[in-house]
Amino acid sequence: MSFRQPLLRRLAVLPIALLAAFATACADEYPQTTFSPVTELGAAIDDVFMTAFWWTMVILGVVVVVLAYVLVRYRSRPGVEARKIYGNNLAEILWTAGPAVIVVLILVPTVRTIFFTYSEPPEDAMVVEAVGHQWWWEFRYPELGIRTANQLHLPVGRPVEIQLSSADVIHNFWIPRIAGKRYNYPVVALPEGAPQPKNHNRLVFTIDEAGEYMGQCAEFCGTSHALMQMLVVAQPEAEFDAWVAGMKEPASAVPEPGTIEARGQEVFITGGCMACHSITGTTATFGRIGPDLTGFGSRWKLGAGAAENTPEQLARWIQHSESLKPGSKMTPFPQIAGEDLEALVAYLQSLK
Ligand code: CUA
């Protein structure tokens with residue numbers, strides 16, 4: 001007995017340790033959590049999860065209590081013969097009907113929510129086309145005539161319809177605080193302006209809280225799948241309209257002559273960048289293979305989350321993007337160096 005006492009005492013620490021481990025889950029902000037939705041769509045999915053979760057907890061509780069009761073009440077004792085029971089109609093009816101009722105109580109809200117996640121967009125919904133590329137996101141606003149990449153600006157309080165497609169392989173659009181995952185299929189990656197068939201996936205939601213929400217491609221799509229991130233910037237209507245105006249006619253696109261930015265723009269135009277990239281307000285307007293760089297200087301990161309958007313990282317990205325993002329399809333430009341590189345970096349970061 002004497003050697004068991006410390007063991008028991010040590011075991012008593014276990015629940016405290018478990019509780020502490022659970023408590024760490026409340027310790028920090030989780031940018032990609034599904035538990036604090038900011039849209040009615042996310043809230044509906046969260047409700048279904050919680051419904052199933054609490055029913056599971058009820059079942060766990062009942063099973064544990066009954067098990068504990070049986071273990072204590074019917075434990076082996078000297079001189080007491082175990083009672084053997086063969087069949088009990090009441091018990092059998094209860095353990096068949098009980099789970100059946102619970103399944104129905106989970107099934108009904110689940111099916112209702114599945115249909116809700118596929119609801120038709122309202123008439124006034126703003127359309128955004130989210131096109132997956134290896135490994136970045138293109139966002140087109142056909143009604144507004146603007147395009148951007150990786151950083152998706154959306155207005156708060158206005159219904160949005162995201163039309164999902166891909167330019168190459170299957171990707172998966174996932175912004176946990178906004179909605180569940182949904183596939184980007186390659187079938188509808190048509191040239192801009194072409195009539196879009198209506199067989200693409202879509203997500204319809206209204207954001208009800210301004211903020212920044214992280215998202216991530218959720219389908220393994222090749223080498224840099226993990227570096228295919230996006231940031232949603234949800235803004236009050238007026239702020240969003242100001243952003244749209246700035247994207248349509250970016251004052252920053254044409255720098256003062258004689259400045260380092262002006263030299264940088266020249267490097268951009270003559271150095272080959274414009275074969276793949278566009279910047280609204282300049283002569284570089286036809287490059288479609290790489291991300292549109294209008295407003296690039298305000299993006300939270302570069303390379304769809306591959307690196308911080310700093311001059312050092314951007315210079316490295318231009319010269320050897322693959323060193324920051326394995327498999328990157330961007331042509332490396334080691335020949336852009338020295339003052340040219342410095343000027344190009346300054347120009348790109350001035351685009352706000
Ligand atoms: Cu795109 Cu994973």
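The values are calculated or read from the model by the stated rules, or taken from the named source; none is laboratory data. From a predicted model like this one, the values you see are computed outputs, not experimental measurements. For neighbour counting, all protein chains shown are included, and Cβ atoms are generated from backbone atoms with ideal geometry for every residue, glycine included.
Scanning the stretch 41-64 for residues that are touching a residue at least 24 places away in the same chain (Cβ under 8 Å), surrounded by fewer than 17 Cβ atoms within 10 Å (Cβ to Cβ) and under 24 Å from VAL156 (Cα atoms) yields a single hit, ASP47. The set of residues from the stretch 116-171 being in contact (Cβ under 8 Å) with a residue 60 or more places away in the chain, surrounded by fewer than 19 Cβ atoms within 10 Å (Cβ to Cβ) and either within 16 Å of the ligand (Cβ to nearest atom) or of a type in the set (A, V, I, L, M) (or both) comprises ALA125, LEU144, VAL156. The lone criterion from (1) surrounded by fewer than 17 Cβ atoms within 10 Å (Cβ to Cβ); (2) assigned to a loop (DSSP other than H, G, I, E, B); (3) modelled with pLDDT of 95 or more left unmet by GLU256 is number (3).
Can you tell me how many residues in the stretch 211-234 are away from the ligand (no atom under 16 Å from the Cβ) and in contact with a Gly (Cβ under 9 Å, 6 or more places away or on another chain)? Give the steps one after another, and end with the answer.
Here is the first cut: in the stretch 211-234, the residues away from the ligand (no atom under 16 Å from the Cβ) are 211-213, 232-234.
This time we only want the ones that are in contact with a Gly (Cβ under 9 Å, 6 or more places away or on another chain), so: 232-234.
Looking only at that region, the number is 3.
Taking VAL169 as the residue in question, decide whether it is modelled with pLDDT under 95 and either touching a Gly at 6+ places or on another chain (Cβ under 9 Å) or small (Gly, Ala, Ser) (or both). Yes, satisfied. Within the stretch 18-62, the set of residues being modelled with pLDDT of 85 or more, outside any helix (DSSP H, G or I) and farther than 30 Å from VAL204 by Cβ is empty.
Regarding ARG177, is this residue crowded, with 17+ Cβ neighbours inside 10 Å, touching a residue at least 24 places away in the same chain (Cβ under 8 Å) and part of a loop (DSSP other than H, G, I, E, B)? Full working, then the answer.
On the way: crowded, with 17+ Cβ neighbours inside 10 Å: yes; touching a residue at least 24 places away in the same chain (Cβ under 8 Å): yes; part of a loop (DSSP other than H, G, I, E, B): yes.
Considered against the rule, which asks whether it is crowded, with 17+ Cβ neighbours inside 10 Å, touching a residue at least 24 places away in the same chain (Cβ under 8 Å) and part of a loop (DSSP other than H, G, I, E, B), ARG177 comes out as yes.
Every condition in (1) surrounded by fewer than 10 Cβ atoms within 10 Å (Cβ to Cβ); (2) in contact with a helix residue (DSSP H, G or I) (Cβ under 7 Å, 6 or more places away or on another chain) is met by ILE106 except one, and the failing one is (1).
When the strands (runs of 3 or more DSSP E) confined to the stretch 74-158 are screened for residues that are at negative phi and aliphatic (A, V, I, L, M), those reaching at least 2 such residues are found at 126-133, 146-149, 151-155. For ARG75, are the conditions met, namely being of a type in the set (D, E, K, R), under 24 Å from PHE35 (Cα atoms) and either under 47 Å from the mean Cα position of the chain (by Cα) or loosely packed, with under 10 Cβ neighbours inside 10 Å (or both)? Considered against the rule, which asks whether it is of a type in the set (D, E, K, R), under 24 Å from PHE35 (Cα atoms) and either under 47 Å from the mean Cα position of the chain (by Cα) or loosely packed, with under 10 Cβ neighbours inside 10 Å (or both), ARG75 comes out as no.
A quick yes/no check of all residues on (1) more than 23 Å from the chain's Cα centre (by Cα); (2) in a helix (DSSP H, G or I); (3) buried (at least 19 other Cβ atoms within 10 Å of the Cβ):
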position: ILE279; (1), (2), (3): yes, no, yes
position: GLY287; (1), (2), (3): yes, no, no
position: LEU293; (1), (2), (3): no, no, yes
position: ALA315; (1), (2), (3): yes, yes, no
position: ILE318; (1), (2), (3): yes, yes, yes
position: GLU322; (1), (2), (3): yes, yes, no
position: PRO332; (1), (2), (3): yes, no, no
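Any residue at all in the stretch 181-191 that's more than 12 Å from the ligand (Cβ to nearest atom) and β-branched (Val, Ile, Thr)? For the stretch 181-191, residues more than 12 Å from the ligand (Cβ to nearest atom) and β-branched (Val, Ile, Thr): present. Cβ separations smaller than 7 Å between residues 6+ apart or across chains give the following pairs from the stretch 240-259 residues that are of a type in the set (S, T, N, Q) to residues that are surrounded by fewer than 17 Cβ atoms within 10 Å (Cβ to Cβ): SER252/LYS352.
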